[in-house]
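Have a look at the structure below before the remarks.
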Amino acid sequence: MLQYYTAGESHGPALVALIDGFPAGVEIRQSVIDAELRRRQGGYGRGGRQQIEADRAEILSGRWRGRTIGSPIALLIGNHDHVIERLDEPASPRPGHADLAGAIKHLGTIRGVLERASARETAARVAVGAVARQLLRHFGIDVLGYVLQIGPIAIPASAGTLVEHRVLRDRSELYTLDPNRDAELKTLIDETRERGDTLGGIVEVRVEGAPFGLGSHTQWDRKLDGRLAQAVMSIQAMKGVEIGLGFESARRPGSEVHDPIHFDHAAASTPSLGFVRPSNHAGGLEGGMTNAQPIVLRAAMKPISTLEQPLPSVNFETLQAEKASYQRSDVCAVPAASCVVENVVAFEIARALVDKFGGDSLEEMLERWKLFHQLAGKNIKR
Ligand code: EPS
């Protein structure tokens, strides 16, 4: 099974990720990982920390002559702001952060919790996803994340291919699909900063090229929609995840929710095997499995909980009312979150791909991929 863990504190020496179960024979380029890490650090609205860091991932193991060898892949991202031993204990927990619940849970300190709860950890998750997508590309699977909303301003996704949308996204400082509206969003972020406040938003991720049958209908923990929701919800500051029509599907009758099934002989040799759908309200997942349509997932991010104009809290020693602690933070990290969600989704797709076509090597996976499509084609003509 493909899996990963991360370790590291926000102001410790480094973040570390360990990927296990990755097939052999996949070319892994550090430049691909570093490009994703750079993108995560960017986006208008970031705070002072990103001026200090220049994230890059060192590949410590699992690769020989540029290709994976089937052994665990260890990644190391150094922290320039390695000052943990000089940092004090914050006086009061921040509403919305892990501070209060974590310090009580561990019979410990706020510092001991916030260092690990910090969204700095998402750098390690992005690096892991950037390794996973280097496997996905061999199967023609592409993943793109972008911002749909910041605070009250929605920037809807227009029609277009993933390639077209990537060009637009990369032209926007807010990672939306409409760079012409950047000025409006930047004004919103600037005004919010002046008030000492923060902003959340909604991001969307689209996956194209996934075949039929990733995930499973047979057991709760193998359903891919469930796995995606868990993986995305676990990202710092996420408060909602929806797939396809999501919550809107609860408001419509079945006839306006479910995607009709047609057959087009001309598409029989594509991953859809000829089963075309005029709509994709299911967001590419039916019964916990991919249905060869694009996977569409949205995530809602709450505003960053470290406020320059802090909310009421309680001093942890005196138990007297006191404003929450503030050092520095981002005003809006929604663009960065779109990069994190994109890479977290990429990893879950790679994991489901290894579950279905798994083997010890890329070569073996590719053979099984081909065989599955041959057999599935034959099976429908039974
Ligand atoms: C982050 C690094 C952190 C925060 C932010 C994300 O750095 P520092 O705490 O040194 O400013 O900027 O973390 C949070 C939003 C949070 O709530 O902890 C990063 O690298 O993404």
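If the elastic network links every pair of Cα atoms under 10 Å, which of 237, 336, 159 fluctuates the most in the Gaussian network model of the chain?
159
Using Stokes-Einstein with the Kirkwood hydrodynamic radius over Cα pairs, what translational diffusion coefficient do you get for the chain at 20 °C and a viscosity of 1.002 mPa s, in µm²/s rounded to a whole number?
Once the numbers are plugged in, D ends up at 97 µm²/s.
For the range 260-275, what does the Karplus curve 6.51 cos²θ - 1.76 cosθ + 1.60, with θ = phi - 60°, yield as ³J(HN,Hα) per residue in whole Hz, taken in order and with x for Gly and Pro?
3J(HN,Hα) across the range 260-275, in whole Hz: x, 10, 10, 10, 10, 4, 5, 9, 4, 9, 8, x, 6, 6, x, 7.
How high is the relative contact order of the range 230-382, given as a whole-number percent (alpha carbon pairs under 8 Å, six or more residues apart)?
20
So, R0 is 41 Å and r is the distance between the beta-carbons of residue 27 and residue 161; what FRET efficiency does that work out to, to 0.05?
0.95
List the residues whose amide H sits under 5 Å from the amide H of residue 241, counting only those 5 or more places along or on another chain, with H placed 1.01 Å from N in the peptide plane.
The answer is 300.
Before rounding to the nearest 500, sum -39500 (n - 2.57) across all DSSP H runs of length at least 4 in the chain and divide by the residue total; then give [θ] at 222 nm in deg cm²/dmol.
Per the formula, -10000 deg cm²/dmol.
Within the chain, what percent of beta bridges assigned by DSSP are antiparallel, to the nearest 5?
Roughly 95 percent of the DSSP beta bridges within the chain come out antiparallel.
Over its Cα atoms, what ratio of radius of gyration to 2.2 N^0.38 Å does the range 121-247 give?
Relative to the rule-of-thumb radius for its length, the range 121-247 sits at 1.19.
Per the 1.4 Å probe, what fraction of the accessible area of the chain, in percent, lies on carbon and sulfur atoms?
Solvent-exposed carbon and sulfur of the chain make up 54 percent of the total.
For each pair in 186/223; 105/302; 239/370; 105/223; 302/356, compute the distance between the two Cα atoms and list the pairs where it is over 27 Å.
In this structure, 186/223; 239/370; 105/223; 302/356 exceed 27 Å between Cα atoms.
Assigning unit charges at the beta carbon (Lys, Arg +1; Asp, Glu -1) and nothing else, what dipole magnitude in debye, to the nearest 20, does the chain show about its Cα centre?
820
Using only Cα atoms, locate the centre of the range 152-170 and the centre of the range 241-279, then give the distance between them in Å, rounded to an integer.
Each part's Cα centre sits 21 Å from the other's.
From the Cα gyration tensor of the range 105-156, with a ≥ b ≥ c the square roots of its eigenvalues, which class applies: rounded if a/c is under 1.5, or else prolate if a/b is larger than b/c, or else oblate?
Because a/c hits 1.5 or more and a/b fails to exceed b/c, the range 105-156 counts as oblate.
Only Cα pairs within less than 10 Å get springs; with that Gaussian network setup on the chain, which residue of 88, 20, 190 has the largest fluctuation?
Comparing 88, 20, 190 in a Gaussian network model of the chain, the most mobile one is 88.
Would you please state the base-10 log of I(q)/I(0) at q = 0.12 1/Å for the range 191-329, with intensities from the Debye formula using one equal scatterer on every alpha carbon?
One equal scatterer on each Cα of the range 191-329 leads to -0.65.
What FRET efficiency comes out for the pair residue 20/residue 326, r = Cβ-Cβ distance, R0 = 41 Å, nearest 0.05?
Efficiency at R0 = 41 Å is approximately 0.60.
Report the FRET efficiency, 1/(1 + (r/R0)^6), for residue 248 and residue 378, where r is their Cβ-Cβ distance and R0 is 45 Å, rounded to 0.05.
For R0 = 45 Å, the calculated efficiency reads 0.75.
So what does log10 I(q)/I(0) come out to for the range 253-382 at q = 0.10 Å⁻¹, using the Debye formula with one equal point on every Cα and no solvent?
Reported log10 I(q)/I(0), two decimals: -0.58.
Using Cα pairs closer than 8 Å and at least 6 residues apart in sequence, work out the relative contact order for the chain, in percent.
The normalised contact order for the chain reaches 23 percent.
What accessible area per residue, rounded to a whole number of Å², is obtained for the chain using a probe radius of 1.4 Å?
47
Out of the range 52-82, which trypsin sites (Lys or Arg not before Pro) are coil in DSSP terms and have no more than 14 other C-beta atoms within 10 Å?
65
Could you tell me the ratio Rg/Rh of the range 1-149? Both radii from Cα atoms, Rh via Kirkwood.
1.01
Relative contact order for the range 276-325 using alpha-carbon pairs under 8 Å, separation at least 6, rounded to a whole percent?
Reported relative contact order: 21 percent.
What does the charge dipole of the range 94-191 about its Cα centre add up to, to the nearest 20 debye, if the Cβ of each Lys and Arg holds +1 and the Cβ of each Asp and Glu holds -1?
Rounded to the nearest 20 debye, it is 500 debye.
Just grab the label-to-label distance for residue 7 and residue 230, each label 7 Å out from Cα along the Cβ direction, in nm (one decimal).
Output for this residue pair reads 2.3 nm.
Find the Cα radius of gyration of the range 222-287, compare it with 2.2 N^0.38 Å by division, and give the number to two decimals.
Computed over Cα atoms of the range 222-287, the ratio equals 1.36.
The values are calculated or read from the model by the stated rules, or taken from the named source; none is laboratory data. This one's a predicted model, so the numbers in the text were calculated from it and none came from an experiment. Note that each Cβ is placed from the backbone with ideal geometry, even for glycine, and that neighbours are counted across all protein chains shown. Side chains included, ligands, DNA and RNA excluded: accessible areas come from the protein's heavy atoms. Shrake-Rupley method; radii C 1.70, N 1.55, O 1.52, S 1.80 Å.
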